[in-house]
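The values are calculated or read from the model by the stated rules, or taken from the named source; none is laboratory data. The structure presented is a predicted model; accordingly, all values stated were derived computationally and were not measured. So basically every Cβ, Gly included, is an ideal-geometry build from the backbone, and we count neighbours across all protein chains shown. These accessible areas exclude ligands, DNA and RNA; they are computed on the full protein's heavy atoms, side chains included. Shrake-Rupley method; radii C 1.70, N 1.55, O 1.52, S 1.80 Å.
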Amino acid sequence: MRYELANIQLNRACYLLKKSKYILVCGHTRPDGDCIGSMLALKLALNSLSKRVSCVISDTFPPNLWFLPGIEQIKSRKKKVKKIKKFDLIVSLDSSSLERSGLESLRASTSPVLNIDHHQDNSLFGSVNIVKLKASSSAEILYNLLLRLGVEITRDIATCLLCGIFFDTDAFRNPNTTSRTLEITSKLLSKGACAKKIVRYLLQEKSLSTLKLWGKALARLSENRKLGIVSTVLSEEDIKQSETEGLEGIANYISCLPQAKATLLLSEKNGLIHGNLRTQRDDIDISKLAFLFGGGGHKKAAGFTISGKLVKTRAGWKVE
Ligand SMILES: [Mn+2]
């Protein structure tokens, strides 16, 4: 029954994509490798079907994704998407709600929305929802959709999809990596996906300023034994002197501390504090903690954003 339902959604998504001529593809704020990789893969695929596609995000993207084919065509706009009514279809990728796109003008739109995502707090906001909680990434879901659409997986599409899978599985290290993930990865590699660049830019290459930022975060690690949480902070000033690309990396790196039930990285930017939560434990759903602060995410990796300032006091760092 479930399979049939999923099939119906896939067919409806294909119908929507096929009949639309001008399509808006959007992602989420603080875009990552899965968000951007999926957006570009979909753009390339739809272009091959002679569709006009606009890719828009509300933030700038991390510099380590500049190697992705076609990335210069993603428009970074703060609030307004002009002529929103012109689009026949809006595709939201990797976003648990339309608000997370950060594009306010989308609310005024009456176009149908195709929602493709794998976050468990997805509010099923689309006219058609392809939300698979067990998928490693939005890119993995998109791969199946592109096959259904009959799109030829080119080398560039394969590279963009593999970037999404590689990022969200944290280089195949997260438990969301399944046999299906590796099967798709194998198919993408056989289509010519450039794994060498993905490994280099997503995993290995770090700028001097990023490494210094890591150093600050690691030096400030502190353990709350009562709660079993190990946390660290990066202030606005720390981040100003650096690029923010390393934050997810730091959150993943500290998550492996064996004594921690959960780990937390707090980072401040533009008067907002972002919390990156991780756990390695199967008996903890860290997204519930993120939810208490108005955020969300996955069982083992989640996040939230609150307004405030990180202040150093004698007793340690405090949120004011
Ligand atoms: Mn994702």
Over 29 Å between alpha carbons, listed pairs K51/K288; K206/K269; K19/K196; K288/K318; K197/K309: K51/K288; K19/K196; K197/K309
Of all DSSP beta bridges in the chain, antiparallel share, percent nearest 5: 45 percent
Gained length - N224 relative to F293, 0.36 nm times residue gap less alpha-carbon distance: 23.0 nm
28 Å Cα-Cα threshold exceeded, pairs from K86/K300; K132/K300; K18/K299: K86/K300; K18/K299
Cα gyration tensor, the range 2-202 - rounded (a/c under 1.5), prolate or oblate: rounded
Spin-label model distance (nm) - N47 vs T60, 7 Å beyond Cα toward Cβ: 2.4 nm
Farthest positive-ward along the range 208-319 dipole, Cα basis, beta-carbon charges - from I229, C256, G275: I229
C-alpha center-to-center spacing [the range 20-44, the range 145-190] in angstrom: 15 Å
Accessible area (Å², 1.4 Å probe, nearest 10) - K206: 70 Å²
Gain upon complete extension [S127, K212; 0.36 nm per residue less C-alpha separation]: 26.1 nm
About the Cα centre, charge dipole magnitude for the range 208-319 (Lys/Arg +1, Asp/Glu -1 at Cβ), debye: 420 debye
Where I284, I273 fall by accessible area, highest first, once all protein chains stay in place (1.4 Å): I284, I273
Cβ-Cβ FRET estimate between E237 and Q204, R0 fixed at 25 Å, reported to 0.05: 0.35
Label-point gap, in nm, between R173 and K21 - each point 7 angstrom along Cα→Cβ: 4.9 nm
For I130, residues with placed amide H under 5 Å, excluding near neighbours: N115, I116, D117
Unit charges at the beta carbon, dipole of the chain: most positive-side option, A45, S307, L189: A45
FRET efficiency, K309 to A195 (Cβ-Cβ, R0 30 Å, nearest 0.05): 0.15
Rounded to whole Hz, the Karplus (6.51, -1.76, 1.60) HN-Hα couplings of the range 117-129, x for glycine and proline: 6, 9, 7, 6, 8, 4, 8, 6, 7, x, 6, 10, 10
Separation in nanometres of the label points that stand 7 Å from Cα toward Cβ, at Q259 and E183: 4.3 nm
The chain - mean residue ellipticity at 222 nm from DSSP helices (-39,500 (n - 2.57) per run, n ≥ 4, rounded to 500): -10500 deg cm²/dmol
The chain, dipole about Cα centre (Lys/Arg Cβ +1, Asp/Glu Cβ -1), debye to the nearest 20: 620 debye
Heavy atoms of V230 accessible to a 1.4 Å probe, total area in Å² rounded to 10: 10 Å²
Placed amide H near I273: partners under 5 Å, 5+ positions off or other chain: I306, S307, G308
GNM flexibility winner over the chain from K19, K261, K269 (Cα, springs under 10 Å): K19
